Amino acid sequence: MSENAAPRPPSPMEFGSMPLDPVYGWGRVYEPVETLIDETAAFIEHLAREAQERGATFTDEELEARFFAFWDGLVAAGTLRRLPDRPPAFGRSILGPRRWLNAQRIRIQRLIAHWEKE
């Protein structure tokens, strides 16, 4: 990167090891996984911009609804395929919905903090 180039913000994946895949929250299975991760990471950046603009965080209910609508839209567009869900206990045994959403909220907050620092 040149000296004059603006530093790139860290990607949501760089903020920690918490998975972006909803299988770890709800047992929802989408393929291809690489596309799911890339699209979800970009969506988290979109949510961070929105949260920064409105000056407020998202509730769990808002985040869950937004993520489900986002993934459903990717399936409808043919970007992702939804496969049969894993048993609900699978996702809950790893993170579960609330911890998965909290991990994304942390990513959103860290992106906002990074942008505000720049």
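Please treat every number below as a calculation from the coordinates, not as lab data. Every value quoted in this text rests on a predicted model; they were computed, and no experiment measured them. Every residue, glycine among them, receives a Cβ derived from its backbone with ideal geometry; neighbour counts consider all protein chains shown.
Largest first and in whole Å, what are the equivalent-ellipsoid semi-axes of the stretch 35-118 based on the Cα gyration tensor, each being the root of 5 times an eigenvalue?
24, 16, 11
Quick one: net charge of Arg92's neighbours, Cβ under 11 Å, K/R +1, D/E -1?
Working: positive: Arg86, Arg98, Arg99; negative: none.
Combined, the nearby Lys, Arg, Asp and Glu give +3.
If I stretch the segment between Glu62 and Arg49 completely, what's the gain in nm (0.36 nm per residue apart, minus their alpha carbon distance), one decimal? Please report the intermediate quantities before stating the final value.
Values: separation 13, 0.36 × 13 = 4.68 nm, distance 1.53 nm.
So the extension gain works out to 3.1 nm.
Taking θ = phi - 60°, what integer Hz values does the Karplus form 6.51 cos²θ - 1.76 cosθ + 1.60 yield along the stretch 40-54, in sequence order, with x for Gly and Pro?
With coefficients 6.51, -1.76 and 1.60, one gets 5, 4, 5, 5, 4, 5, 4, 4, 5, 4, 5, 5, 5, 5, 8 Hz.
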